[in-house]
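Trainee: One structure, pasted below without further comment.
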Amino acid sequence: MTQAQRVVVVTGASRGIGAAIAQDLSQHGYWVWMVARDAGALHRVASSIRDQGGRADFVPFDITDIDNAPKVFERISQETGHLDGLVNNAGTTRRGSLTEISPEDYDGVMRVNVRSLIFFTQAALPFISHDGAIVNMASLNSFNVLRGAGLYAASKAAVLQLTRAFAIDVADRGIRVNAVAPGFIHTDFNHALWERPEIREWVETNTPLGRLGRPQDVVGAVRFLLSPDSSFVTGSVLVLDGGFLPSRLWPL
Ligand SMILES: NC(=O)c1ccc[n+]([C@@H]2O[C@H](COP(=O)([O-])OP(=O)(O)OC[C@H]3O[C@@H](n4cnc5c(N)ncnc54)[C@H](OP(=O)(O)O)[C@@H]3O)[C@@H](O)[C@H]2O)c1
């Protein structure tokens with residue numbers, strides 16, 4: 001009997017880290033289903049994956065529409081017959097001091113990064129196979145608070161605790177739940193920051209590996225946490241930050 005192709009859903013795959021994850025997983029034999037709002041961008045990522053011989057499909061969907069999330073997984077499982085993994089990568093941010101943020105800022109960040117992560121995962125769980133795995137996108141901001149990113153940091157700290165809590169709550173189904181926590185990765189998300197030489201230099205100086213990260217620096221860890229190679233890993237987080245978090249490079 002031939003083994004069925006492994007199927008994974010990746011949210012926020014229309015660009016940046018999510019698109020890189022989708023590309024990588026497809027190159028490693030996964031049938032990738034991509035979810036984001038921008039249908040045109042999803043189409044371009046799917047076409048590029050297919051051009052390279054991979055298998056990719058997409059569902060244009062706003063993950064904050066939690067009432068309709070089960071329909072996304074019904075549709076995917078009708079086409080695939082099974083689901084092996086979910087990568088909760090979609091995320092957003094608003095800059096600003098907590099003294100000034102608005103309720104709209106709060107809702108904008110928390111709805112995507114926290115509320116949708118819980119309910120999109122809930123919607124996926126009935127379809128995920130017994131040895132399936134979920135990977136959540138945390139951040140170095142899950143541990144540190146960078147000035148002006150308090151709301152985002154709170155949301156990413158929540159992602160870490162939700163990862164641990166989901167890991168406990170679905171362990172009896174054989175499903176593993178882990179997170180990756182990237183450091184400074186150059187994407188559209190933060191492109192404006194890297195245009196400013198003083199900020200780029202600060203990151204490069206304070207990162208032992210001496211550079212910004214790339215989306216490709218994240219993909220291998222996600223693939224590992226989805227695969228049977230991490231079969232005894234759950235509730236964990238892999239930090240991918242070039243050494244930024246555990247170090248303070250002082251001028252000696
Ligand atoms: N870049 C970094 O330095 C960094 C570091 C640590 C963690 N992260 C995290 O990594 C993840 C990806 O970041 P990135 O840098 O690749 O960001 P990005 O380039 O801005 O991409 C964000 C992705 O999320 C999707 N998305 C946002 N809101 C959505 C919604 N309501 N429904 C569906 N999809 C939605 C976007 O797609 P549409 O606009 O098409 O919906 C897009 O594909 C985020 O969770 C981010 O917090 C990033």
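The values are calculated or read from the model by the stated rules, or taken from the named source; none is laboratory data. A quick note: this is a predicted structure, and the numbers were derived from the prediction, not measured. Cβ atoms come from the backbone with ideal geometry, glycine included; neighbour counts cover every protein chain shown. Just so you know, the surface numbers come from the protein's heavy atoms only, side chains and all, with ligands and any DNA or RNA stripped out. Shrake-Rupley method; radii C 1.70, N 1.55, O 1.52, S 1.80 Å.
Trainee: Pick from Pro103, Pro70, Pro208: which is most flexible by mean-square fluctuation in a GNM of the chain where alpha carbon atoms under 10 Å apart are linked?
Mentor: Pro103
Trainee: Classify region 89-151 from the C-alpha gyration tensor, please: rounded if a/c falls under 1.5, else prolate or oblate depending on whether a/b exceeds b/c.
Mentor: oblate
Trainee: Using a 7 Å offset from Cα along Cα-Cβ at Asp229, what residues in region 176-193 end up with backbone N under 17 Å from the label point?
Mentor: The answer is 178-181, whose backbone nitrogens lie closer than 17 Å to the label point.
Trainee: Residues with amide H under 5 Å of His186's amide H, sequence separation 5 or more or different chain, H placed in the peptide plane at 1.01 Å from N; which?
Mentor: Here the answer is Gly213, Arg214, since their amide H atoms fall under 5 Å of that of His186.
Trainee: Another one. Just the number, please: carbon plus sulfur as a percent of the accessible area of region 1-117, 1.4 Å probe, no ligands or DNA/RNA counted.
Mentor: Result for region 1-117: 47 percent of the exposed heavy-atom area is carbon or sulfur.
Trainee: Highest mean first, what order results for 237-248, 178-189 on Cβ atoms within 10 Å?
Mentor: The densest-packed peptide leads the list: 178-189, 237-248.
Trainee: Moving to a separate point now. Measure out, as a whole number of angstrom, how far apart the alpha-carbon centroids of region 184-199 and region 125-174 sit.
Mentor: What the calculation gives is 24 Å, centre to centre.
Trainee: Whole number in Å², please: accessible area per residue of the chain, 1.4 Å probe, ligands, DNA and RNA not counted.
Mentor: Per residue, the chain has 49 Å² of solvent-accessible surface.
Trainee: Another question, then. Relative to the compact globular guide of 2.2 N^0.38 Å, what is the alpha carbon radius of gyration of region 43-127, as a ratio?
Mentor: 1.34
Trainee: Now a separate question. What number comes out for the charge environment of Asp57, summing +1 per Lys or Arg and -1 per Asp or Glu over other residues with Cβ under 13 Å away?
Mentor: That sum, taken over residues with Cβ under 13 Å, equals +2.
Trainee: Per 0.36 nm of contour for each residue apart, how much would the distance between Glu104 and Val145 grow if the chain were fully extended, relative to their Cα-Cα spacing?
Mentor: Length gained between Glu104 and Val145: 12.7 nm.
Trainee: Let me ask something else. Quick check on region 1-83: take the gyration tensor over C-alpha atoms, sort the square-rooted eigenvalues as a ≥ b ≥ c, and tell me if it's rounded (a/c under 1.5), prolate or oblate.
Mentor: It is oblate, given that a/c is not under 1.5 and a/b is not larger than b/c.
Trainee: Pick out, from Val8, Ala69, Gly210, the residue whose Cα sits farthest towards the positive end of the charge dipole of the chain, with +1 on the Cβ of Lys and Arg and -1 on the Cβ of Asp and Glu.
Mentor: Gly210
Trainee: Using θ = phi - 60° and the Karplus relation 6.51 cos²θ - 1.76 cosθ + 1.60, list the HN-Hα couplings for region 187-192 in order, rounded to whole Hz, with x at every Gly or Pro.
Mentor: Result, rounded to whole Hz: 9, 4, 3, 9, 3, 4.
Trainee: Next up: Taking region 143-252, which GluC sites (Glu not before Pro) meet the DSSP loop condition and have no more than 13 other C-beta atoms within 10 Å?
Mentor: Taking region 143-252 and a limit of 13 other Cβ atoms within 10 Å, the loop GluC sites (Glu not before Pro) found are Glu195.
Trainee: Sort the chain into rounded, prolate or oblate with this rule: let a ≥ b ≥ c be the square roots of the eigenvalues of the Cα gyration tensor; rounded if a/c is under 1.5, and if a/c is not under 1.5, prolate when a/b is larger than b/c, oblate otherwise.
Mentor: prolate
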